[in-house]
Amino acid sequence: MKLTSYWYDTAEPSGDYRRTPVPETADVAIVGGGLTGLSAAVELARHGAKVVVLEAETLGWGASGRNGGMATTGLAIGMGTAISRYGRERAVAMHLEYDRAISTIEDLVDEFAIDCDFERSGKLALACNQRDLDGLRAAQDEINRIAELPDVTVLDGADLGAEIASPFYVGGMVDPRGAGLHVGKFVHGLAGAAAQSGAYLCEKAGVASMTPHGAQTVLQTTRGSVRAAEVLIATSGYTGKLTPWLRRRVLPVGSFIVVTEPLGPELAAELLPTRRMASDSKMLTYYFRMTPDNRLLFGGRARFALSNPDSDLRSAKVLRKAMTTVFPALRSARIDYTWGGLVDITLDQMVHTGMTKGAHYSLGYSGHGVQMATHMGREMGLYLAGKSESYPWAGDKFPAVPGNLGSPWFLPIVGAGAHVVDGWNRLTGGRR
């Protein structure tokens, strides 16, 4: 079993950027070389800006290469919560923005001919009990009122067997707009597109400090300094002490994944006949999909802990047990990969953009980072290039997470509470 991302291990980098010189000046310096940073760099470079991406590790090393490769529709908070919080008109606009984000990926794949197995196979939202299924029906009613989108369909009982071979769920909702992709190949494809467009990509160039210098900012990295007119913070779940104001507003929650050996086309077709991107309604959500080479990828908040080799191995045991509960046919399947990474969850589970201490930022993707990081990078690039008039998602209050002053010491307590809630819902069928 490899303690590394399947996506890393099965994708070829577009180049080695560890020795790319850090330029002395730039129009825009981007801190973070994941999907947000690379997508913004592509947009800025194509509009003539001198842009440098500063990555502490290697491109895609963080959340962008440690996820499930799923670009799925819908807000993290759900349509019902969004309507009650923001009103129906704004909730619909937000839902449509998440849908457009998947189209942003598709546009980039087509424009730059990125071979990353992108496919609109659809999203399968699964209900663990009758209450959750009723919630999906309510969401169906609201989503199907949005004229711009195709209808979603709720399935229960025997009808669910056409989507998944599992006794664990009582029903589900199918949205045809969801997509899957090989996110490692996509990240490397974006990097290649950014480099070809003229962006400076600098790996192993962690930013140690940012100091105002007149109307500009000097960023001191481990490989030299750059003076930039604008700075974009694109660090998601790896936001740290460089930007303490943002750090207090982002909760870095560990998400862990296991990937099986190749299962073969017959077993793959039996387990997930339509190959949709699937996730369920538990507080400690399970999410899963088939990879392009017919492995089952199975992930979740296995443990409320940060990723390291010991933590990843412990999480693999938890996830293997969960996987075989959902899919009993995989009891003898070998696990070939396991890894963990950090999801950037905000208190309101919404995307946030703005400026603090002279630096622009976009983060808070709350588990929807594949499409939203890519989309928000492009939108921030357009704004910084002077091609749009305002930040996307501008104006929303960005609350700090109470007690989050650095290391998230309280995560095990939160995780224990979530386990209790999920256990109770499983025992009672979701009845209050």
- Note on the structure: Measuring from its Cα centre, the chain shows a charge dipole (+1 at each Lys and Arg Cβ, -1 at each Asp and Glu Cβ) which, in debye to the nearest 20, is 1480
- Item | Entries of 241/387; 2/321; 50/387 with Cα pairs more than 21 Å apart | 241/387
- Checking rank on 337-350, 177-190, with mean other Cβ inside 10 Å and highest first, the result is 177-190, 337-350
- Given H placed on each backbone N at 1.01 Å, which residues far from residue 254 in sequence or on other chains put an amide H within less than 5 Å of it? 305, 343
- Taking a cut-off of 15 Å between Cα atoms, list the aspartates and glutamates near residue 357, but don't count ones fewer than 8 places away on the same chain. 230
- For residue 34, the residues 5 or more places away or on another chain with a placed amide H closer than 5 Å to its own amide H are 60
- Query: When the distances between all Cα atoms of region 6-384 are binned every 20 Å from zero, what whole-number percent does each bin get?
  - Reply: 30, 57, 13, 0
- Query: At 4 °C and 1.567 mPa s, what whole-number value in µm²/s does Stokes-Einstein give for the translational diffusion of region 258-411, with Rh from the Kirkwood sum over Cα pairs?
  - Reply: 72
- Item | Partner aspartates and glutamates for residue 282 [C-alpha distance under 14 Å; skip if fewer than 8 residues away on the same chain] | 132, 422
- Task: Tabulate in residue order the Karplus-calculated ³J(HN,Hα) for region 283-295, using 6.51 cos²θ - 1.76 cosθ + 1.60 with θ = phi - 60°, rounded to whole Hz; enter x for Gly and Pro.
- Result: 4, 8, 4, 9, 9, 7, 6, 8, 7, x, 9, 6, 9
- Task: Quick one: check the C-alpha center-to-center distance for region 266-340 versus region 140-176, whole angstrom.
- Result: 21
- Query: So how far apart, in nm, are the two label points at residue 130 and residue 2 if each is 7 Å from Cα heading toward Cβ?
  - Reply: 4.7
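Just so you know, all these numbers are worked out from the coordinates, no wet-lab data involved. A quick note: this is a predicted structure, and the numbers were derived from the prediction, not measured. All Cβ positions, glycine included, derive from the backbone under ideal geometry; neighbour counts span all protein chains shown.
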